[in-house]
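A quick write-up on the structure given underneath.
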Amino acid sequence: MSNMEAICPCHQINPQDAIDALAIEEANKSKPEAPVNPHYPVPSVPTLSIEEVAQTALDMSIKALENPYKFKKTIRRVAVIGTGPSGLASINALKEQGLEVRAFERNDRVGGVWAFSETPSLKPEMPTKSLAPGPSKVSQVNELQEEEIELTEEIEKSLLKRHSPSACYYDLFTNTPYSVNHHYGYHDKSSKQGYMMHYELQQYYNNYAKDMSIDSLIEFCTNVEHVYKTKDSDESDIWKLVLCKSERNGDRVKIKRWSESFDAVVYATGIHQNPKVPDFDSLKEFDTKWPDKSIHSKQYRRPETYKDLNVLIVGGNVSATDVARQLDGIANNVYVSYRGPHVLESGILNLLRSGMPKTTTVLPLVKSFSNINGEVDGSITFSDGTVLSDIDKVIFCTGFTSDYSSLEKLTVETHDEYKQNGHESLEEPVTDGQFVLNSFYKIFLIPDPTLAFVGAPNHLVTIPFFEYQAKFLSRVWSGKALLPTKEDMYSYTREEKPVCYPLDVSFDSETLRCEAMTVWANYHAKELKNDELPPITNHQKHSKHVWDKVLPTYRSDLDEMAAKIKEAKMTQSSE
């Protein structure tokens, strides 16, 4: 898992800054030694001005007023799937606008990826087959079904699959301080103000749910198995959710299945759901011979498991760097393998990657999980000809896909299929498992805007971004802001330009990304005479001093936090 998930803000790194030079120096100490640019590459996507972003949003919002999209019915009852940072923001925003909200969380706590479980999720297939998991193929449920069964090993595996634990590992902590990763609408005075351990951040979200009086709206231990559109008794469109709740009781488990109807549905399940493992040559054969040798980072829990072992980490971004740091001084040898150059376009990723321990051996991309003759004998061959024959464990830090399998027929297998067909040829909302497709403002599904996604943009974000998405969504579904016609939404989406480089997380990027939704919602509140609505403030505009305070000591702060965790564990083990 990437502990950058939605909360990794850092001011855009200026090549002239001393901190940037430090990051380059640290990067160059890693193996393999190769010449790099004295400065980070200039991002390939230009940054728009705040005026450009605001004017584009205003122009589109005027179009929406003149020729709005007309929902077939008034939206009154909404389902929210997931109670991580984006789900909680959605529940609260929709409730504030007077909508009836029901939320469903497959685990027993709020917090999403920050809800730690000692038991990891099931190991994925290696390699994983495709970006989009297959349809859930769940039968419809017309009446309540209940049963109590014995908790056998087979049922345990079934429950792990249905209520998959998050990717949170034991020593995980936030890579940004509280000052830039909290909800602007909620300040928890009891929360630690600096960098937070996973359990401290999960407690923050738990307090958020209670203090905002939304915890009673959440059905825990409940998996959403199927989401589909149908007709109700008066022939009006509704979304039907097939739900399954599992409650343990000693050596037995009570399983309840039922269905509920809603006018609209929000997916707020995040982007760290299904492990993604690339199809390396001979990996399948390697994993078949030694099934206990390889895991995905979603199964990683504690560094002590790897004491005195030789470990290969595949991947080169945040999770890979974090796991390498944790294994430093515990594992015998740690190797990290990734594709591409060491220095990236993303300043924040470069700065985080600079934390790779000097004892870690950096290698180029894996060529095959076999020897140079193609024999699967436990050796691993790399693209530069290096061969390692004594690897005990392989940890794939190779990313995730989103889990939208409950949408069943609303998925496509590849981006190529989507690109070939084009926007207008797709009559239904679709996703490829990696990204939400056919979406307006990365929120509303254009073919049917009663289905929405919060927390699934195709760029890095910070937690406050979810609040703006949720507020904009709630204004639209409550009728206090309007969307343009489908044709105009399609046209905008085809021509849409990123406001900045997708992997930039900075004061500038976050201000720009929140500005359009703020301008749109406030303009419509004024024009539609909703004078009782308080204006939505783009707080990011006023946060430069916070970002500037984080940057100078960012790398050293992370190092200090990691050192404290190791020191505390050493003290505990010696007692």
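The values are calculated or read from the model by the stated rules, or taken from the named source; none is laboratory data. What you are looking at is a predicted structure, and each value in this text was computed from that prediction instead of being measured. Cβ coordinates were reconstructed from backbone atoms using ideal geometry, including for glycine residues, and neighbour counts include every protein chain displayed. When the accessible area is computed, the model is the full protein with side chains, heavy atoms only, and any ligands, DNA or RNA have been set aside. Shrake-Rupley method; radii C 1.70, N 1.55, O 1.52, S 1.80 Å.
Once the Cβ-Cβ distance between R248 and L65 is put in as r, and R0 is 51 Å, what FRET efficiency do you end up with, to the nearest 0.05? Walk me through the intermediate numbers first.
Values: r = 52 Å, r/R0 = 1.03.
E between R248 and L65, to the nearest 0.05, is 0.45.
What shape does the range 46-154 take by its C-alpha gyration tensor, where a ≥ b ≥ c are the square roots of the eigenvalues and a/c under 1.5 counts as rounded, a/b above b/c as prolate, and the rest as oblate? Intermediate values should be presented prior to the final figure.
Values: a/c = 2.19, a/b = 1.64, b/c = 1.34.
Note, shape of the range 46-154 comes out prolate.
Would you work out if the range 449-542 is rounded, prolate or oblate? Take a ≥ b ≥ c from the square roots of the eigenvalues of the alpha-carbon gyration tensor; rounded if a/c is under 1.5, else prolate when a/b is larger than b/c, oblate otherwise.
On the way: a/c = 1.83, a/b = 1.24, b/c = 1.48.
Verdict is oblate for the range 449-542.
Within the accessible area of the chain, what % is carbon and sulfur when the probe is 1.4 Å and the other protein chains stay in place? Walk me through the numbers before you get to the answer.
Working: 12380 of 25070 Å².
Heavy-atom surface of the chain belonging to carbon and sulfur, 1.4 Å probe: 49 percent.
Would you compute, for the Cα atoms of the range 252-341, the largest minus smallest coordinate along each principal axis and list the three values in descending order, in whole Å?
Here the spans come out as 54, 41, 29 Å, largest first.
So, in Å, what gap is there between the alpha-carbon centers of the range 518-575 and the range 135-174?
Taking the Cα centre of the range 135-174 as reference, the centre of the range 518-575 is 33 Å away.
Once the Cα atoms of helix 463-477 and of the chain are each reduced to a long axis, what angle between those two axes, in degrees from 0 to 90 to the nearest 10, is obtained?
The two axes meet at around 20 degrees.
Is the shape of the range 357-397 rounded, prolate or oblate, going by the alpha carbon gyration tensor and its root eigenvalues a ≥ b ≥ c, with a/c under 1.5 for rounded and a/b larger than b/c for prolate? Let's see the in-between values first.
Details: a/c = 2.02, a/b = 1.54, b/c = 1.31.
Prolate shape, in that a/c is at least 1.5 and a/b is the bigger ratio.
Pull up the DSSP beta bridges for the chain and report the antiparallel fraction as a percent, rounded to 5.
Roughly 55 percent of the DSSP beta bridges within the chain come out antiparallel.
Along each principal axis of its Cα atoms, how long is the chain end to end? Whole angstroms, biggest number first, please.
Principal-axis extents of the chain (Cα, largest first): 67, 62, 54 Å.
If you put +1 on each Lys and Arg Cβ and -1 on each Asp and Glu Cβ, how big is the dipole of the range 485-570 around its Cα centre, in Debye rounded to 20?
On the way: 13 positive and 16 negative charges, 54 e Å.
Around 260 debye, computed over the range 485-570.
Show me the ranking of peptides 263-271, 163-171, 229-237 by mean Cβ neighbours inside 10 Å, starting with the highest. Don't skip to the end; give the middle numbers.
Numbers: 263-271: 25.3, 163-171: 21.7, 229-237: 10.2.
Ranked from most to least packed, the peptides come out as 263-271, 163-171, 229-237.
What number comes out for accessible area per residue over the chain if the probe is 1.4 Å? Units Å², please. It would help to have the intermediate numbers written out before the result.
On the way: 25070 Å² over 575 residues.
Heavy-atom accessible area per residue stands at 44 Å².
Provide the percentage of antiparallel DSSP beta bridges, counting only those with both residues in the range 231-372; round to the nearest 5.
Working: 12 of 21 bridges.
Bridges in the range 231-372 are about 55 percent antiparallel.
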